[in-house]
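Working notes for the structure below.
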Amino acid sequence: MISIEASVSKGWLHKHGGFVFDNRYYMDPVHRWEQDSTINEFVRERFPRYAIYNMEANLLQARNVRDNHVLVGAIQPNMILATILGAQFSFFEDKDADVAGKPLEFISNGDELPPVSAILHHPLVKELENQIVNIKINRPDLKVVPPFFWDESGRATIHGIITTSLKLTGDNIMITLMSNPGLAHAIHQWIVDAYMVLIRYFADIAKLPVTSVHVGECAGTMISADLYEEFIVPYISQLGDKLGEVRLHTCGMSDHIMSSIVKIRNLKIIDTGSGTSIKGIRDLKGKDFTIHIAPPMEYMMKNAPQSQILDWLNKTLDENQGGPLQIAYHMEPDYEVSNCLVMHDELENRGLIENKRLY
């Protein structure tokens, strides 16, 4: 019922392994596969006994990852959508990529949104499609994992509704929620429709059935429970209705919006940040509901005493009441490695896990 899986960030890999994450890494899938193969071996050697992997942050499903997976369009979902609308990719050698520009920053009417069907004709979409086709023909030894997926499980992955609209419009969306709710609803419906079209399109090309959906609603903690319920819950519920079970990620302390989050239809996993009450989720969803949680970042930093992270672990396990729980973290350059590994060791000492790698 208890598990722990971790990943290493691109910043950590650059600092400790000298790896570079440039344009080619993101836009040449076979080159990325070759580099990721080297990185995987580097991480295995560094952490031979621990479930720590080279994976995208918070999308940990080591049981569904294979060494022959080649990731096409392995770029954050809201960045793909922003680029289709006119933003420009920004790649950095020593950290995660981003985009420059807010393509919907000055939108004033829902009629200004492009037809969703038109996005399939965008050059980026066609380029990613061609990459899938070419790899299937020229590298039959590799299994394509298409855009919006990160392993062979079929779990689609997108950013959340307000998290995506924030990327597309900038801070304006926060005012729009109150000053022009009709426009906010139009933007949010367009986001859902666009993600749906892209997920189904790439899943069909790669012959990967959609089984569920991860929704990374990172920015949702910045709004009230009422706004969350009005502007987020109905749209994620649509995704749950059409794509399957929902894994909802919410950054940081989320107690103030939890009563709204649990109203999402087909919600099967809540993945939350440190500070959120595990007991509160158990009270709302019961002992058998699956919870994923990240430890407090400040307890994993250099100079933080290990007693802090162990106290947090004790409290988390007590509040969990024996239900299904996964602890996950993304190792950043300034983390103290021993403060991370002590969680794995403590869980093993208690007989809750066995320290071993899945690949």
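Side notes on the structure shown:
- Exposure check, 1.4 Å probe, all protein chains in place: ARG357 carries approximately 50 Å² of accessible surface.
- Extension gain for MET297 to LEU284 (0.36 nm times residue separation, less C-alpha to C-alpha distance): 2.1 nm.
- Of all accessible heavy-atom area on the chain, the percent that carbon and sulfur account for (1.4 Å): 50 percent
- Structure-based [θ]222 nm, the chain - -39500 (n - 2.57) summed over DSSP H runs of at least 4, per residue, nearest 500: -13000 deg cm²/dmol
- Partners of LYS95 within straight-line reach, counting lysines whose Cα lies under 29 Å from its Cα and excluding those fewer than 8 residues away in the same chain: LYS10, LYS15, LYS126, LYS143, LYS167, LYS302, LYS356.
- Note on the stretch 267-281 and the stretch 91-126: Cα centroid distance 31 Å, given to the nearest whole angstrom.
- Cα gyration tensor shape for the stretch 140-250, rounded if a/c is under 1.5, else prolate or oblate: prolate
- Once backbone amide H atoms are built at 1.01 Å from N, HIS292 has ILE270, ASP271, THR272, GLN326 as its partners under 5 Å, excluding neighbours fewer than 5 places away on the same chain.
- Residue list for the stretch 69-96, given a label point 7 angstrom along the Cα-to-Cβ vector of ALA118 and an amide N cut-off under 11 Å: 85
- Take the Cα of MET178, go 7 Å toward its beta carbon, and the backbone nitrogen atoms of the stretch 192-233 under 11 Å from that spot belong to 224.
- Cα shape, the stretch 94-184, gyration tensor, a/c 1.5 rule: prolate
- Whole-Hz couplings from phi, Karplus 6.51/-1.76/1.60, listed for the stretch 214-220; x for Gly and Pro: 9, 10, x, 8, 5, 8, x
- Among LEU267, LEU142, HIS159 the positive-end extreme of the charge dipole of the chain (Cβ point charges): LEU142
- Candidates SER274, SER224, SER37, ranked by Gaussian network fluctuation over the chain, Cα under 10 Å, top entry: SER224
- Only one of [x] 0.98; [y] 1.15; [z] 1.03 was calculated from the structure for Cα Rg over 2.2 N^0.38 Å, and its label is [x].
- Candidate lysines for bridging to LYS268, where Cα separation is under 24 Å - those fewer than 8 sequence places away on the same chain excluded: LYS242, LYS279, LYS285, LYS287, LYS315
- Amide hydrogen neighbours beyond the local backbone of GLY160, cut-off 5 Å, H modeled: GLY216, GLU217, CYS218
- Within the stretch 15-97, GluC sites (Glu not before Pro) in DSSP loop having at most 16 other beta-carbon neighbours inside 10 Å: GLU93
- For the stretch 258-304, trypsin sites (Lys or Arg not before Pro) are listed when DSSP marks them as loop and at most 11 other Cβ atoms sit within 10 Å of their Cβ; the list is LYS287, LYS302.
- 3J(HN,Hα) from dihedral phi, the stretch 322-331, Karplus parametrisation 6.51/-1.76/1.60, rounded to Hz, x for glycine, proline: x, x, x, 9, 10, 9, 9, 8, 10, 6
- Taking LEU284, LEU59, LEU71 as the candidate residues, the one with maximal mean-square fluctuation in a Gaussian network model of the chain, Cα springs under 10 Å, is LEU284.
- In a DSSP loop and with at most 14 other Cβ atoms within 10 Å, the GluC sites (Glu not before Pro) in the stretch 97-139 are GLU105.
- Heavy atoms of the protein chains alone define the surface here; on that basis the chain has 41 Å² accessible area per residue at 1.4 Å probe size.
- For LYS263 and SER277, the difference between the fully extended length at 0.36 nm per residue and the C-alpha to C-alpha distance is 3.3 nm.
- Take each peptide in 211-217, 115-121, count the other Cβ atoms within 10 Å of every residue, and average; sorted highest first, the result is 211-217, 115-121.
The values are calculated or read from the model by the stated rules, or taken from the named source; none is laboratory data. All values reported here derive from a predicted model rather than from experimental measurement. Neighbour counts are summed over all protein chains in view; Cβ atoms, including those assigned to glycine, are modelled from backbone coordinates with ideal geometry. We work out accessible area using only protein heavy atoms, side chains counted, and drop any ligands, DNA or RNA first. Shrake-Rupley method; radii C 1.70, N 1.55, O 1.52, S 1.80 Å.
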